[in-house]
1. For A:113, A:78, what's the fewest-to-most ordering of other Cβ within 10 Å of each Cβ?
2. What is the Cα centroid distance between the stretch A:174-215 and the stretch A:63-118, reported in whole angstrom?
3. At 7 Å along the Cα-to-beta-carbon direction for both residue B:227 and residue A:175, put a label point, then send me their distance in nm to one decimal.
4. Between residue B:209 and residue A:80, with labels modelled 7 Å along Cα→Cβ, what's the label distance in nm to one decimal, could you check?
5. Can you give the extra length, in nm with one decimal, that the chain gains between residue A:58 and residue A:88 once fully stretched, where that is 0.36 nm per residue apart less the Cα-Cα distance?
6. Helix B:77-93 sits at what angle to the longest principal axis of chain B, using alpha carbons and giving 0 to 90 degrees rounded to 10?
7. In nm, give the distance between the simple-model label positions of residue B:122 and residue A:29, each being 7 Å from the Cα along the Cα-to-Cβ direction.
8. Using only the Cα atoms of the stretch B:3-65, build the gyration tensor, take square roots of its eigenvalues as a ≥ b ≥ c, and label the shape rounded, prolate or oblate: rounded if a/c is under 1.5, else prolate if a/b is larger than b/c, else oblate.
DNA sequence: CTGCGAGTTCAGTATAACTGAACACAGCCA
DNA sequence: TGGCTGTGTTCAGTTATACTGAACTCGCAG
């Protein structure tokens, strides 16, 4: 499992908006390795363009990461498919939509569109992470993971409490994820922030795998009166994105099993050819 | 120089918009290493989130790269400082502006704004690379590199010819870069595409280092009549961005030496305290 | 059913990476 | 100005790492 590469990745993950610049000694202390080792890692990463040296011998993230990210976005159909549908959602409701993926057991926000009627959600943001057990998108994404994965995640990150409504026990989480998987959507009822609710639904790729989740965030006082309409709206929007990605659900409201056949192009594997 | 990390970075750089998905065998062939080695690299990178496995055992870029890129953009003052000034430039001229950095001896486009009067420049694009010897931004960036670096770059990538005007000999390049450095801006006179010209100027950070270049691209028939005004416009815009980054040039038109003092905040190092 | 090609695993060996101390350099305080 | 503490950087020896190449499994096609 190439420990050297693991360490290099650890180094990259040290760089955050809070501390975007690191020196050799700091990295050595953070990873608990000798200075010379940290030095070698930083030098190599800088030589490869993944980091860049500042004048004073410290390091920042390198532009190659920007390039790779653009390549990712360019080659990923997800954002291209989701953005117009999110825009329509925002235009119709005036609220905030999120698009998120699961990375390393946490929710990574990939896109966020704010409506004119929306309240500012400062916690979420494009490129930011949040724990998965509390948000709507997080619960959707966890619900479609093997339970053992969920357990591992919970054991490492714990079930941090944000509000009185946050899920804090494994048993609660298990039951909630079970329900989310079966009904095909999730609610966040003031679990991450008092006064904020959301409805979220899964997005599947052509193989039927859940690769992302979409949500519509709404102030609590506007959520409960419109819960039903909100639910169908987000479920429908997520389904449309999934279809754009080549997924076609077998029979809605029952089967969450195998796919039948894609309506998208570039898919002619099995029978004839 | 941690060869394992170098190989890992090589693997990442294999992923392009043209081929965003790689299998073990393909990677092994591309890097000329045994399959098991490629397998270990891919597995490790995927475990770290820098890659993701598709269902069929192939690999794509991972969302962690998106996260890192967002952190880079968030912590880099460059784009934040440049964007409004580029917008004003576009609003005033109706042409296309580019913002680019030098990565690995090539020009990496970081931002691109198109005006309403502009012609579509298909070659450039955010996240795309081009050789440095032909474009305006490229010549600006090379001009402020040590000549030995430039030589190394030229020896590896060569001086590819795009149009009859493209610089193709080292001597031409040397003279041009010398002029660009002294006059503080560069022209591209149909060197990358027939009918397309541009003027470009360097952007410096608070230490005086050239970290990026900005350009204004114009059809040839509109370039020559307005060359003087274009030049002052782009030089002025780049200077404003540099000042935003904390650079204050000593005395314009002569000294390119040390800085005197920043007018930006967060800088009170030397005398008192 | 068989063969080819994909991805994956494993044990032994060669070599790459880690260690820790010494070096160079800058800024800061006396 | 002169040490002093804190950087980043270098190096040689040793350990433990990563590479090798063949064997294995699985899916698809003939």
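1. Details: A:113 18, A:78 21.
Ascending number of Cβ neighbours within 10 Å: A:113, A:78.
2. Cα centroid to Cα centroid, the span is 16 Å.
3. For residue B:227 paired with residue A:175, the spin-label model returns 7.9 nm.
4. 3.6
5. Numbers: separation 30, 0.36 × 30 = 10.80 nm, distance 4.47 nm.
6.3 nm is the gain from fully extending residue A:58 to residue A:88.
6. Helix B:77-93 sits roughly 60 degrees off the main axis of chain B.
7. 5.4
8. Details: a/c = 1.33, a/b = 1.21, b/c = 1.10.
Rounded.
Every read-out reported here was derived from the displayed coordinates using simple, explicitly stated rules and does not represent laboratory data. Remember, predicted model here, so these are calculated numbers, not experimental data. Reconstructed Cβ throughout: ideal geometry from the backbone, glycine too, with neighbour counts over all protein chains shown.
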